[in-house]
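Report on one structure; see the data block that follows.
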Amino acid sequence: MADLCGTPMRPSDSWSSTEVRSLQHTHMWTIKGFSQCEVRYLETSVRIKDSHTSSGCSSQSNSLVGASAGGGLMGGGAAAAAAAAADNANYLQFKIRLHPQGNKESNKDFCFFQVFSCTNVKFKAKFSVYNTRSEEVPATVYTGTQQLNGYFEYIRRDLLINHIMPQDEIQLLLNLTIVSDTITKNSQNTINQAMPEPRPCELAKDLEVMFGQNRHTDFKIVCRGEGKEMHELSAHKVVLAARSPVFSAMLEPHTEEAQKSEVFYEDIDFEVMREMLFYMYSGRSPLLQQMALDLLAVADRFQLIGLKEMADQVLRAGLSTDNVCRNLVLADMHNALDLKADALRFIAQYSNNVIMTDGWAEMVKEHPRLVTEVVAAMSQEQSRLCECCFVGIGIGGVPPPPPPPPSCSKSSASPPHHQQFPIVDGGGGGDHPIAAVAGGVLNTFLLSIFYAFFILFCFFHALFTTLWHKFGGA
């Protein structure tokens, strides 16, 4: 005998079972360019369909639905309003707010995260704050005596900004638990048997074991190992064809590879191929951090979209002055658009350091087209910053924002897909319009001179590097 949750029950002549019903919901909110935000607060909303309410488990919801069903005698506008009210009754609505500089002068050095219910329901909440490297920065729950609307957590602003650099992007994860109602069931002569929970992860685990045991294989992949010796990897045709469109086409019955059940790759390292096959069987890549460059290349070659995205994220999170040029070349070669955009932006912001590296010298020599794109990216970035000089002349007298710190955030990216949040401005006065215009013109003139000298520097640097390699430094 088992109860509603499937746990064993002692033998008895009758039984009762009570279930406390709750709704779990997670919401991810991404804020890009956080350090540049000068408004009082940012806001987004969450609208959650209450499955328990809409299924008739809540008496309040049932009464609202019944009222709308009887609205056939109403006028068109009244019927529509009643239908909308009934529909809204099946949803739980929450507001999420981020206060970048506190909510008053005494706590302006802190960032506050707030959530409150618009539908007057009891809930529990927990915020988790991450950067683009999936590293969490701990926040503190507000336990003060001041009466506030909703649930609050806070964190020091300087600590948060240091944690999210250089991408300047916050990933705010909200976990909500809403308690809806309780249900008690009684029975005299029936046994309630819970249905087994689905276990989709077992398939990936079983395939991973099968790959490790190397049993029942019907295809061999031969790759170059250490010392240029060729090594074999065994696999299953059905798994290769299901996971990769390239292998699927290769294993058509008329191809040479399908007939011989073997393929050779002299240009792919054995360890890289084995890690790629492990991902194809298990969906995981334990060596992703160490092999991100090579895995991005093979993932693009064999059209493994998931592995390519994973490698792209690792490379974007690890950009530095020493590797950014190499990663830019790789991203351009394998059409990794996000990695390429971040690399261009990184070079534009740290150009003084990047142009002194060996990677820059090699890119100037071997990939001059990318150098042109770097100069264009620098021009766009600086032009965007110059436009800040003119903000504050328009409506409201909003002061110009301060120059952004080094960042890889996408200033032109679209907001999160959940819902576009309105920006609520806190007001304030601006600088004198004439001073703003003069500063903008001066900055534009100085930037033009800077980029002219920079382009000349790139040209002579490339020429000098070529002559140096040609004559051996003589």
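Details
- Test: residue in region 228-236 that is of a type in the set (D, E, K, R), surrounded by fewer than 17 Cβ atoms within 10 Å (Cβ to Cβ), at positive phi and not assigned by TED's automatic domain parsing to the domain that holds ASN131: yes
- The set of residues in region 229-280 being among the aromatic types (Phe, Trp, Tyr) and under 17 Å from GLN303 (Cα atoms) consists of PHE247, TYR265, PHE278, TYR279.
- So PHE278, is it at pLDDT below 95, crowded, with 17+ Cβ neighbours inside 10 Å and in contact with a His (Cβ under 7 Å, 6 or more places away or on another chain): no
- If the condition is being closer than 23 Å to ASP342 by Cα and of a type in the set (D, E, K, R), then region 157-189 contributes ASP168, GLU169.
- Note on region 151-175: residues that are within 17 Å of the chain's Cα centre (by Cα), touching a residue at least 60 places away in the same chain (Cβ under 8 Å) and part of a helix (DSSP H, G or I) total 1.
- For region 119-133, filtered to residues that are touching a residue at least 40 places away in the same chain (Cβ under 8 Å) and surrounded by fewer than 18 Cβ atoms within 10 Å (Cβ to Cβ), the residue that is farthest from PHE94 (Cα to Cα) is ARG133.
- When residues in region 32-51 are screened for being in a strand (DSSP E or B) and out of contact with any Ser or Thr (no Cβ under 9 Å at 6 or more places or on another chain), 9 of them pass.
- Per the listing VAL129, VAL121, the residue uniquely of a type in the set (Val, Ile, Thr), at pLDDT 85 or above and assigned by TED's automatic domain parsing to the domain that holds ARG97 is VAL129.
The values are calculated or read from the model by the stated rules, or taken from the named source; none is laboratory data. Everything numeric here is computed off the predicted structure, so don't read it as measured data. For neighbour counting, all protein chains shown are included, and Cβ atoms are generated from backbone atoms with ideal geometry for every residue, glycine included.
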